[in-house]
1. Mind ranking 1, 106 by accessible surface for me, highest first, 1.4 Å probe?
2. Using only protein heavy atoms and a 1.4 Å probe, report how much of residue 224 is accessible, in Å² to the nearest 10.
3. Return one whole number: the accessible area per residue of the chain in Å², for a 1.4 Å probe.
4. With n ≥ 4 as the cut-off for DSSP H runs, can you work out [θ] at 222 nm for the chain, using -39500 (n - 2.57) per run divided by the number of residues, rounded to the nearest 500?
5. Quote the relative contact order of the range 43-155 in percent (integer), defining contacts as alpha-carbon pairs under 8 Å separated by 6+ residues.
6. If you count only protein heavy atoms and use a 1.4 Å probe, how large is the accessible surface of residue 203, to the nearest 10 Å²?
7. Holding the Cα-Cα limit at 28 Å, pick out from 15/237; 140/212; 55/237; 176/249; 15/140; 176/237 the pairs that are longer than that.
8. So how much accessible area does residue 217 have, in Å² to the nearest 10, using a 1.4 Å probe?
Amino acid sequence: MPDVQELGRLLALVKFDASLNVIEGLDAFRRLLAKDAGGDVLQFLKREMATLEGKRRGAIAFVLAEHYRQTGDLANVQTLFAVDDAEVQESVLNAPWGEPGANPQMGPGIVQLAVQGAVHPSPGVRTEACYVFQNQCAWKVDVSSAVAPLQTLLDDQIPRVRHQAAFAVGNLAKRKYDMSSHVVPLRRNLKHEVNFVRDASAWALWQLSRHKHDISSAVPDLVELLTDDDESDRPRKNAAGALLHHARKSAGSAREVNKAVSRAKLDLNRREIKRFLDQLANLRHPEAREP
């Protein structure tokens with residue numbers, strides 16, 4: 001194992017590259033922690049983290065939280081999150097992207113930290129809370145406690161929080177959580193001034209429709225999004241996907257979508273709009289199919 005002097009040299013290499021928005025120099029400590037039988041590297045990092053500031057402090061917190069998750073040490077993940085530093089708390093929530101591991105309490109424990117993070121003053125912490133909800137949900141951890149916080153996060157003042165909250169809502173819908181109460185804030189966000197908020201909200205409504213949620217109230221707003229004149233076509237494509245899925249559910253739903261579309265002034269020069277209209281015109285419903 002490296003001595004303290006060598007560990008100090010490696011720590012000096014941990015730097016934040018603002019141009020790429022990444023922390024460099026962490027892999028060396030990851031490798032050392034993986035074979036740190038005596039705990040010397042762990043103790044060094046815990047001691048030195050207290051002397052660091054900003055992104056560098058958060059980076060060491062990330063490595064520690066990642067190590068604790070991998071070793072099933074929930075208590076130390078919780079202790080680390082309790083540090084009164086937004087950079088540290090954001091990093092602690094950013095670290096558990098992987099499988100919760102052998103400790104059955106790890107996943108639920110991380111989710112509860114994210115529930116706390118959902119009301120944190122820092123937008124970065126609130127954003128990472130959304131990531132935790134969707135990632136732990138993907139690992140089949142119970143995230144029912146995230147349903148209510150996500151409804152609030154969809155109305156967050158910070159666009160990137162709303163953006164990630166919408167993706168989390170869509171992913172929870174995929175896992176059969178009841179996200180019906182989130183349709184209203186998602187509808188509002190279809191009109192948000194920031195493109196990526198509109199995009200994520202349309203995608204989330206598409207996922208809700210795909211997983212047995214009624215999005216009929218959002219049909220007029222989704223059709224309005226088809227008229228979006230932003231250079232990016234993603235919001236329009238996701239709105240089209242949501243509308244087509246809803247229209248396929250029944251003849252009544254198809255009539256509802258067609259009626260709203262007939263009132264809109266759509267740009268037929270856009271490929272995604274022309275494709276949407278062609279698909280809508282060619283819909284066939286079960287009751288219309290030949291036996």
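The values are calculated or read from the model by the stated rules, or taken from the named source; none is laboratory data. Note that the structure is a prediction, hence the values are computed from the model and not measured. Protein only, heavy atoms only, side chains kept; ligands, DNA and RNA dropped before computing areas. Shrake-Rupley method; radii C 1.70, N 1.55, O 1.52, S 1.80 Å.
1. Numbers: 1 120, 106 0 Å².
Most to least solvent-accessible, the answer reads 1, 106.
2. Here the residue's solvent-accessible area equals roughly 100 Å².
3. Numbers: 14640 Å² over 291 residues.
Counting only protein heavy atoms, the per-residue value for the chain is 50 Å².
4. On the way: 16 runs with 181 residues, N = 291.
Value at 222 nm, helices only, nearest 500: -19000 deg cm²/dmol.
5. On the way: 144 pairs, mean separation 24.2, N = 113.
Averaging sequence separation for qualifying contacts and normalising by length gives 21 percent for the range 43-155.
6. The accessible area of residue 203 comes to roughly 40 Å².
7. Values: 15/237 39 Å; 140/212 19 Å; 55/237 37 Å; 176/249 18 Å; 15/140 35 Å; 176/237 24 Å.
Distance filter (> 28 Å) returns 15/237; 55/237; 15/140.
8. 50
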